[in-house]
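Single-structure report; data block below.
Only the coordinates and a few stated rules stand behind these numbers; no lab work does. Since the model is a prediction, treat every value here as computed from it, not as a measurement. Ideal geometry is used to build each Cβ from the backbone, glycine not excepted, and the neighbour counts take in all protein chains shown.
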Amino acid sequence: MEDWVRWKANPMRVFSSRKFPGKLIVVEGIDGSGKSTQLALLSHWLRSRGFGVVFSEWNSSPLVRETTRRGKKKDMFTPTTFSLIHATDFADRIERQILPPLRAGSIVCADRYAFTAFARDTARGVSRRWVRNLYRFAIRPTLAFYFRVPLDVALGRILGGRDALKYYEAGMDLHLSRDVEESFRLFQGRIVDEYEAMIDEFGFRVIDATLSIEEQQTKIREIVEQELDLTHPNGLLRAPWQGFVDTNGIGSARPV
Amino acid sequence: MKASQQPLTFYEEGLPGVDTSALCGKLIVIEGPDGVGRSTQVSLLRTWLEHSGHAVMDTGMARSALVGKTIRQAKRGNTLGPLTLSLFYATDFADRLENEIIPALRAGFVVLTDRYIYSSIARASARGSDPAWIRQVFGFALRPHAIYYLRASVQDLLPRVVYARGGFDYWESGMDVHMGKDLFESFVRYQSRVIRALDSMAQRYDFEMVDASRTPDKIFQDLKKRITRLLDGVKRRPQKAPAPSAARKKPVRAPEPVSASVQASSDLLTPAPA
């Protein structure tokens, strides 16, 4: 009980306060907001400038992924176990993919971070406080971009790209509507509300995701340049073959 | 009012969408460190309770349909970090709570669980996690009717681990967090920490201490006596105007498990008034 009181008294202390020489950049937003495209462009640019970049995706722990896939296929999840399995996946990635490179001084680019869980799990009825505590071991990002997009635009992009909306992605487990598209709209609407409320809570940098890809990328690079102080990169890992890389080019001279 | 007479509640905010008012079974936890003899007791108790006419469901760690197999596989690889391990167990527990324990309680079963959330909290603390963090993670757990803590020292555990199991287990020895030069040294250090963590939780979670340095039979007799009393509590619950003095004057009976709990079992099947 006293933990609860303490948490209430200091609700902002969500993430681990540990400091690292590396930098952590995360992108957030609903499906179809275009965040993955933007993060890929950003990481190419950072690599071309000679920085060590590590990429980490949501739901990608080799140890956990199979369980998540099976659980989704057989509709085994409840809001609580759905939340916990994603936290397990995230913990494995933090311990093995994210934390060691940050300690070494690289830039870690994460496609979705704990905020995805805060938004989705809360939209499923899990307590806001409980899910924030669950991710308390996460490292506070250096920069968190939120891609704001109207629901119709996102839905249009998704339906254009894939055949069908998936069961959990559309929040079908919540029985909001029997119609998949309608359910998706209602569920993602709840998620958007959670994201919007987190802008101030976590200091998101909001990107207007209806702008052109190029315009968005220019803004993102400006912010990154400024916040990471890339002209005087202190403690950041540089590629040893830096002199051989065309620093004005788009791609990296070396495979990931 | 004794915990055994109250309807079940969650420790903190609980599971979204789960109604606890209709849970009329009994939730009994057997806790204790590795090698203390919990599973022996659970199987003895199960047989005894079933002979006495109770429907019994027993459960334990890493037995969930969702992640049980994954946990066992992951442990073989020895590449699990302490946070991932803790959260795997939390997922496993949540899956069993929602899909096994709660349905059994709703059907009026006696649920015997070989460990509950306390071992997971103790292990996470022994591996360096913030105890407040992991306690809150497990805040969705139901508060059990009784928690019997089989208390033993590391010295008591050593002969059982060596003679009965034929050696030390990598994870039970905390080798993943490098607690010693070899399995023995690591086992002693790690289990001492786990025991200390369990001891420190006794008050917060209202553990009933059971001296587990005794023979399995002595421990069994002791547990039988306590569980008989717990299940009798249901039968003797005053409906409206309680006559507490009369109930209290009744001498504590020597264990007559069969007759006592057969009656208790029929009461177990009728839902408790809220």
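Miscellaneous remarks
- Between A:Ala114, A:Leu211, A:Ile191, the Cα set farthest toward the positive side of the dipole of chain A (charges on each charged residue's Cβ, about the Cα centre) is that of A:Ala114.
- Put in line by how crowded their Cβ is, counting other Cβ atoms within 10 Å and starting with the fewest, A:Thr80, B:Thr70, B:Thr215 read B:Thr215, B:Thr70, A:Thr80.
- Exposure proxy ranking, count of Cβ atoms within 10 Å, fewest first, for A:Leu228, B:Leu85: A:Leu228, B:Leu85
- Fewest-first ordering of A:Leu84, A:Leu151, A:Leu211, B:Leu23 by other beta carbons within 10 Å of each residue's beta carbon gives A:Leu211, A:Leu151, B:Leu23, A:Leu84.
- Diffusion constant of the range A:135-228 at 10 °C, which comes from Stokes-Einstein with the Kirkwood Cα-pair radius and 1.306 mPa s, µm²/s: 104
- Between helix A:114-123 and chain A there is an angle of about 20 degrees, using the helix long axis and the longest principal axis of the Cα atoms.
- Highest-MSF residue in chain A out of A:Glu169, A:Glu28, A:Glu214 [GNM, Cα springs under 10 Å]: A:Glu214
- GNM top mover of A:Ser43, A:Ser17, A:Ser61 - chain A, alpha-carbon springs below 10 Å: A:Ser17
- A Förster radius of 45 Å, combined with the Cβ-Cβ distance separating A:Lys19 from B:Lys225, puts the computed FRET efficiency at roughly 0.20.
- By the helix-only formula, in which each DSSP H run with n ≥ 4 contributes -39500 (n - 2.57) and the sum is divided by residues, chain A has a 222 nm mean residue ellipticity of -14500 deg cm²/dmol.
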